[in-house]
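Trainee: Right, I'll just put the structure down here and ask away after.
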Amino acid sequence: MIRCYASELRRSRARLPLLALSALAFLVQSSLLFVPPSQAQQTERGKELGRRVKCMCGGCEDSATGCNHTGGSFSGPCDTAKGMQKEINERVGRNESDDLTLQAFVQEYGPTVLIVPPAKGFNLAAWVTPVVAPILALVLVWFVVRRWRQKGTLATASGPEVPAEFLSRAKREAGREYDE
Amino acid sequence: MDILGSFALLLAFLGAVYAVAAGIAGILTRKTLLTKSARNAGLAVFVLVTIAVGCLEYYFFTDNFSMAYVAAHSNRALPFYYKFAALWAGQEGSLLLWTWLLSTYAFFALLVNRNKHPELMPYAGVVLAGVQIFFLTLNNFVASPFAVLAGSDPSGVMRLSTLSDGHGLNPLLQYPEMVIHPPMLYLGYTGFTVPFAFALAALLGRYPGEKWIHITRRWTMIAWCFQSVGILLGAHWAYAVLGWGGYWAWDPVENASLLPWITGTAFLHSVMMQEKRGMMKVWNIWLVFTTFMLCILGTLLTRSGIVSSVHAFAQSSIGNWFVGFLILVFVVCFASYWKNRDYLRSDNQLDSLVSRESSFLFNNLILLAACFAVLWGTLFPVLSEAVTGNKISVGPPFFNKVNIPIALFLLLLTGVGPLLAWRKTSFDALKRNFAWPLLGGVVAGAIALVFGFRDIYSLICLILGVFVTLTILSEFFRGARVIAVRDGSNLISAVGELTMRNTRRYGGYVVHFGMVLIFIGIAGVPFNKDVQKEMAIGETLNIGPYSILCQNFDRVATANYDSERATLEVFRGGKSEMMLYPERRFFLSSQVTETMVAVQSSPLRDLYIVYAGRSPENGQPVIHAYLNPLVKWIWFGGIVVVLGTGLAMLPNRRAALVLRPVTEQAWGDRVPASASPIGAIAQRGDASD
């Protein structure tokens with residue numbers, strides 16, 4: 001029993017460094033997890049916002065985050081894109097809302113800075129039309145099909161029975177014509 | 001030799017004018033001599049344009065820098081294969097290539113049908129020559145590729161001049177795919193002129209029946225196949241050359257190539273309704289007209305600078321010519337339709353909403369919705385600016401948001417449509433045909449979910465991809481099993497026999513399978529990763545399962561360019577897997593730098609490395625690594641699409657008709673109709689769609 005207790009104690013002592021290490025790892029991990037939320041989200045949110053504005057250098061059609069100058073001396077973000085991304089990051093750091101940040105860019109560059117048209121005013125049509133037009137087309141097709149079906153009447157087969165030989169010859173000839 | 005090219009082009013223009021005039025006169029007076037003469041003029045146009053193209057190529061290969069076009073797009077150090085491709089590097093040459101490919105199509109269409117369809121061919125010849133007149137007008141009087149360089153001497157007299165060396169070819173075009181991508185795309189664009197010409201000819205001449213569709217079926221498939229290859233090669237070029245890690249950016253010029261492809265796809269499907277049931281005649285005629293007009297609109301968008309694009313042909317005044325031509329084509333098409341609309345009355349009506357006919361209707365509707373969405377997004381900036389006075393951008397997120405649901409619905413129809421019967425499909429048949437494929441799709445989706453596949457669109461795409469693949473396999477299996485049982489052959493040879501008996505149907509299935517592969521490849525996009533890092537020698541960059549060790553940076557000099565190259569060793573799980581050498585090339589003649597991406601491609605993922613250059617801040621080399629899953633499936637899918645189209649174009653092998661009665665036990669309960677000779681024939685007839 002005593003021997004048993006002693007071996008148990010040895011085992012727990014042996015576990016101690018392991019436990020200490022685990023606790024340390026937990027603390028380190030926790031300390032990583034508990035960095036200020038604004039800082040942790042800054043990169044991802046900043047990147048996401050950077051994807052929603054266009055690089056305004058005039059030499060590409062990329063977003064500020066995805067700017068990549070083919071044919072330039074450096075195939076990466078140009079100074080304009082870097083400046084725009086920096087401004088976004090600063091605004092994100094100040095906890096400004098997405099709308100406010102985008103609005104600031106619209107005021108500076110006009111609505112063309114947004115990578116997609118804003119869903120308001122006339123530009124709402126950009127979003128609505130590709131949805132509404134197919135629905136209208138579907139309704140139209142529905143009516144056309146209904147009209148077809150109403151008009152369509154099945155004629156009963158009549159006349160003499162077609163001999164099999166004649167039918168096979170007709171099929172062959174039709175097939176030849178079809179293959180042309 | 002110097003004036004031979006321009007002289008040949010001028011003669012070609014006159015030949016095309018004569019072909020139209022003589023053709024119309026022949027039709028009106030019904031004189032065969034005139035229509036034959038018009039046809040011969042049409043054939044001669046091809047020969048003359050070929051001479052012009054040959055002359056321009058000769059100028060490139062002999063470094064004739066007195067020709068303005070050669071001086072602008074070539075130089076002495078340019079490799080010979082790029083000198084060949086320099087023909088279409090600029091506006092003038094690419095228009096000449098267009099004319100040449102158009103005249104080639106016209107030549108073969110006239111030649112192949114020279115002793116056939118005497119009522120239809122004169123009309124078709126006139127339309128083909130009419131289109132050629134437009135392009136030859138541009139070649140001769142608007143954008144001539146044979147302009148010579150001239151300068152004034154000290155006394156002010158204009159004299160011909162020459163350069164010692166040219167400006168060189170745009171470095172972006174110095175890539176093997178650029179030697180074949182533009183001709184492929186142009187073969188697609190110009191190829192749609194043939195079905196257009198025959199459709200308009202049939203309408204104008206009130207040519208009876210569906211003959212024009214039979215005549216143009218293979219031409220349409222050829223054009224569609226080239227267009228598909230052209231689009232995919234362009235995507236691959238963008239992926240391998242531009243160094244941004246993607247292959248499709250919804251650029252207006254890319255969209256322009258997609259539009260006629262979509263309507264061409266719709267036509268290839270809806271045309272079966274007309275062949276089988278005599279329905280959708282108006283629709284088909286207008287689909288062909290629209291496809292041709294979209295080809296012209298695409299060229300207009302590419303060359304006019306109406307919408308901003310990164311492609312090179314933008315910003316020129318040639319767009320007005322295309323606008324004029326587009327209006328003229330529309331007026332001619334509409335007037336012809338209006339005058340002859342009674343000729344396009346349907347022979348049959350739709351019997352059921354659950355039928356092959358209705359699936360084609362939906363397929364066409366969805367394809368046109370996709371076409372409209374792409375066109376709408378492409379032109380909306382122009383429309384918005386005209387209405388509001390403000391410039392706006394319509395970038396890739398818009399196109400993705402609008403088109404992905406449409407594309408997924410289309411993928412669903414790809415699986416559903418072919419399994420529905422003509423006229424009407426019973427609920428039992430639906431259950432029998434779809435239960436297992438649907439179950440397979442759901443199981444695949446569940447497995448993907450378990451493995452952490454969380455993107456909703458990708459998940460739906462995977463489910464539908466498996467569903468469509470299983471429906472295709474089941475179609476092959478059921479057909480082959482019947483043949484195997486009857487002939488006593490094995491299932492593999494029965495699949496071959498089945499396919500060769502109805503190449504169009506089973507080739508179509510192969511094309512559908514290719515499209516599934518392409519969709520699966522695209523579904524990998526949400527899982528892309530990328531890391532950019534300044535790397536000194538000995539430093540490591542980690543991405544996904546790979547560690548990339550920078551071993552060296554060195555310089556290579558050639559006559560055409562100077563190159564800076566990174567030597568990178570790629571490790572996986574601590575084991576060295578491969579060496580990659582991304583480059584940056586500085587082209588001496590054009591003074592432009594380009595990336596040469598290093599890609600290690602596997603079916604699962606591409607490791608895509610760009611040497612971005614030296615950081616502007618501290619001069620350190622910068623490596624940009626991308627991990628792009630499933631990209632290879634797109635290119636492989638493209639190859640399958642081409643093979644399937646080739647298969648669908650082959651003539652059917654005649655099936656040996658079984659005229660002996662076959663016992664019920666041997667056939668099973670699925671094929672009782674074949675117990676009689678007529679049944680056997682009828683069964684074959686049923687399968688021939």
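Trainee: Could you say whether any residue in region B:185-193 is over 30 Å from B:Ala240 (Cα atoms) and surrounded by 19 or more Cβ atoms within 10 Å (Cβ to Cβ)?
Mentor: Within region B:185-193 (the criterion being over 30 Å from B:Ala240 (Cα atoms) and surrounded by 19 or more Cβ atoms within 10 Å (Cβ to Cβ)), the answer is yes, since at least one residue qualifies.
Trainee: Taking B:Asn400 as the residue in question, decide whether it is surrounded by fewer than 17 Cβ atoms within 10 Å (Cβ to Cβ) and within 22 Å of the chain's Cα centre (by Cα).
Mentor: yes
Trainee: What's the total number of residues in region A:57-76 that are more than 9 Å from chain B (Cβ to nearest Cβ), crowded, with 18+ Cβ neighbours inside 10 Å and under 29 Å from B:Leu588 (Cα atoms)?
Mentor: 3
Trainee: Considering (1) over 21 Å from the mean Cα position of the chain (by Cα); (2) in contact (Cβ under 8 Å) with a residue 40 or more places away in the chain, say which one B:Trp98 fails and leave the rest.
Mentor: (1)
Trainee: Moving to a separate point now. Having 2 or more residues that are within 11 Å of another protein chain (Cβ to nearest Cβ), more than 32 Å from the chain's Cα centre (by Cα) and in contact (Cβ under 8 Å) with a residue 24 or more places away in the chain is the bar; report the strands (runs of 3 or more DSSP E) wholly within region B:556-634 that clear it. Give the derivation first.
Mentor: Numbers: elements: B:561-572, B:575-580, B:583-587, B:592-596, B:598-601, B:605-614, B:621-629.
Per the criteria, B:621-629.
Trainee: Looking only at region B:569-578, decide whether some residue is buried (at least 16 other Cβ atoms within 10 Å of the Cβ) and within 27 Å of B:Ile518 (Cα to Cα).
Mentor: If we filter region B:569-578 for residues that are buried (at least 16 other Cβ atoms within 10 Å of the Cβ), which is where we start, we get B:569-571.
Next cut, within 27 Å of B:Ile518 (Cα to Cα) only: none.
No, every residue in region B:569-578 fails to be buried (at least 16 other Cβ atoms within 10 Å of the Cβ) and within 27 Å of B:Ile518 (Cα to Cα).
Trainee: Identify, by number, the condition in (1) crowded, with 19+ Cβ neighbours inside 10 Å; (2) within 11 Å of another protein chain (Cβ to nearest Cβ); (3) β-branched (Val, Ile, Thr) that B:Ile463 doesn't meet.
Mentor: (2)
Trainee: Let me ask something else. Within region A:96-139, restricting attention to residues that are of a type in the set (Gly, Ala, Ser) and in a helix (DSSP H, G or I), which residue is farthest from the other protein chains (Cβ to nearest Cβ)?
Mentor: A:Ala104
Trainee: Would you tally the residues in region B:230-289 being aliphatic (A, V, I, L, M), within 30 Å of A:Ser75 (Cα to Cα) and in a helix (DSSP H, G or I)?
Mentor: 10
Trainee: Here's another thing I want to ask about it. Sort out which residues of region B:299-316 are assigned to a loop (DSSP other than H, G, I, E, B) and at pLDDT 75 or above, and write them in order of number.
Mentor: Within region B:299-316, none qualify.
Trainee: Say whether the condition of being assigned to a helix (DSSP H, G or I) and out of contact with any strand residue (DSSP E or B) (no Cβ under 8 Å at 6 or more places or on another chain) is met by at least one residue in region B:156-175.
Mentor: yes
Trainee: What pairs can you find where one residue is in region B:459-476 and closer than 13 Å to B:Leu412 by Cβ, the other is surrounded by fewer than 21 Cβ atoms within 10 Å (Cβ to Cβ) and hydroxyl-bearing (Ser, Thr, Tyr), and their Cβ atoms are less than 9 Å apart, with a gap of 6+ or different chains?
Mentor: none
Trainee: Identify, from the list B:Phe134, B:Phe80, B:Phe84, the residue that is aromatic (Phe, Trp, Tyr) and under 23 Å from B:Ala197 (Cβ atoms).
Mentor: B:Phe134
Trainee: Now for a separate question. Within region B:234-241, is there a residue that is without any contact (Cβ under 8 Å) to a residue 24 or more places away in the chain and either crowded, with 20+ Cβ neighbours inside 10 Å or within 14 Å of chain A (Cβ to nearest Cβ) (or both)? Spell out how you get there, then give the answer.
Mentor: Filtering region B:234-241 down to residues without any contact (Cβ under 8 Å) to a residue 24 or more places away in the chain leaves B:238.
From the residues that got through so far, the ones that are either crowded, with 20+ Cβ neighbours inside 10 Å or within 14 Å of chain A (Cβ to nearest Cβ) (or both) too are B:238.
Yes, region B:234-241 contains at least one residue that is without any contact (Cβ under 8 Å) to a residue 24 or more places away in the chain and either crowded, with 20+ Cβ neighbours inside 10 Å or within 14 Å of chain A (Cβ to nearest Cβ) (or both).
Trainee: Consider only pairs whose beta carbons are under 9 Å apart and that are at least six residues apart or on different chains; among these, list those whose first residue lies in region B:518-535 and is within 25 Å of B:Ile231 (Cα to Cα) and whose second residue is among the charged types (D, E, K, R) and in a helix (DSSP H, G or I).
Mentor: Partner pairs satisfying both residue conditions: B:Gly521/B:Lys632.
Trainee: Do we have any residue at all in region B:414-435 that's acidic (Asp, Glu) and more than 14 Å from chain A (Cβ to nearest Cβ)?
Mentor: Among the residues of region B:414-435, at least one is acidic (Asp, Glu) and more than 14 Å from chain A (Cβ to nearest Cβ), which makes the answer yes.
Trainee: Any chance you could count how many residues in region B:264-289 are β-branched (Val, Ile, Thr) and within 14 Å of chain A (Cβ to nearest Cβ)?
Mentor: Total meeting the criteria: 2.
Trainee: Okay, moving on. Can you give me the number of residues within region A:84-121 that are touching a Pro at 6+ places or on another chain (Cβ under 6 Å) and either without any contact (Cβ under 8 Å) to a residue 24 or more places away in the chain or not hydrophobic (A, V, I, L, M, F, W, C) (or both)?
Mentor: 0
Trainee: Sort through B:Ile522, B:Ile537, B:Ile548 and tell me the only one that's away from every other protein chain (no Cβ under 14 Å), buried (at least 17 other Cβ atoms within 10 Å of the Cβ) and outside any strand (DSSP E or B).
Mentor: Unique residue meeting the criteria: B:Ile522.
Trainee: What tally of residues in region B:41-83 results from selecting those that are farther than 24 Å from B:Gly151 by Cα, small (Gly, Ala, Ser) and assigned to a loop (DSSP other than H, G, I, E, B)?
Mentor: The number of residues fulfilling the criteria is 1.
Trainee: If the Cβ limit is 8 Å and pairs must be 6+ apart or interchain, which residue in region B:331-343 that is free of Cβ contacts under 8 Å to residues at least 60 places away in the same chain pairs with which residue that is of a type outside the set (S, T, N, Q)?
Mentor: B:Arg341/B:Val282
The values are calculated or read from the model by the stated rules, or taken from the named source; none is laboratory data. Please read these numbers as outputs of a predicted model, since none were measured by experiment. Positions of Cβ are backbone-derived with ideal geometry, glycine not excepted, and every protein chain shown enters the neighbour counts.
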